[in-house]
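A.B. asks: Structure provided below as structure tokens; questions to follow.
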Amino acid sequence: MIKKCFKLKTSDITLVQFIIEGYEGLATVSTVDPKAAIIQVLIMPDFIEDMEGILDHLKVRFLMEEIPSGHHQVSRC
């Protein structure tokens, strides 16, 4: 799995998650830090080109900023 992390507006997390997971089998989405609005997208290697195109569109539409995975701190419950 290829991991990518993104920062976006908290109010957009659910919609972005539904859009990505609507492409069933390509990727899964997890909220890494709800307070900082950071999500993690795990992409199946065979579908990286397809997901790159989808993510490029979502980055513009939802002002998502890609961040290096592992460069954020997860808040504890």
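The values are calculated or read from the model by the stated rules, or taken from the named source; none is laboratory data. Just so it is clear, the model here is predicted, and its values are computed rather than measured. Because the Cβ atoms are built from the backbone with ideal geometry, glycine has one as well, and the counts that use them run over all protein chains shown.
A.B. asks: For segment 49-77: of the residues being β-branched (Val, Ile, Thr) and either surrounded by fewer than 12 Cβ atoms within 10 Å (Cβ to Cβ) or modelled with pLDDT under 95 (or both), which is farthest from residue 27 (Cα to Cα)?
C.D. replies: Result: 74.
A.B. asks: A further question on this structure: Can you pull out the residues in segment 8-22 that are over 8 Å from the mean Cα position of the chain (by Cα) and not β-branched (Val, Ile, Thr)?
C.D. replies: Matches in segment 8-22: 8, 9, 11, 12, 15, 18, 21, 22.
A.B. asks: Right, something else. Find the residue count for segment 24-64, including only residues that are in a helix (DSSP H, G or I), within 19 Å of residue 12 (Cβ to Cβ) and in contact (Cβ under 8 Å) with a residue 12 or more places away in the chain.
C.D. replies: 6
A.B. asks: Continuing with this model, one more query. Looking at segment 4-18, I want the residues that are closer than 15 Å to residue 57 by Cα and have a partner that is of a type in the set (Lys, Arg) and surrounded by 14 or more Cβ atoms within 10 Å (Cβ to Cβ) with Cβ atoms under 8 Å, at least 6 apart or on another chain. Which pairs are those?
C.D. replies: Partner pairs satisfying both residue conditions: 6/59.
A.B. asks: Select from segment 1-23 the residues that are closer than 14 Å to residue 33 by Cα and loosely packed, with under 14 Cβ neighbours inside 10 Å and list them in ascending order.
C.D. replies: Across segment 1-23, the qualifying residues are 9, 10, 11, 14.
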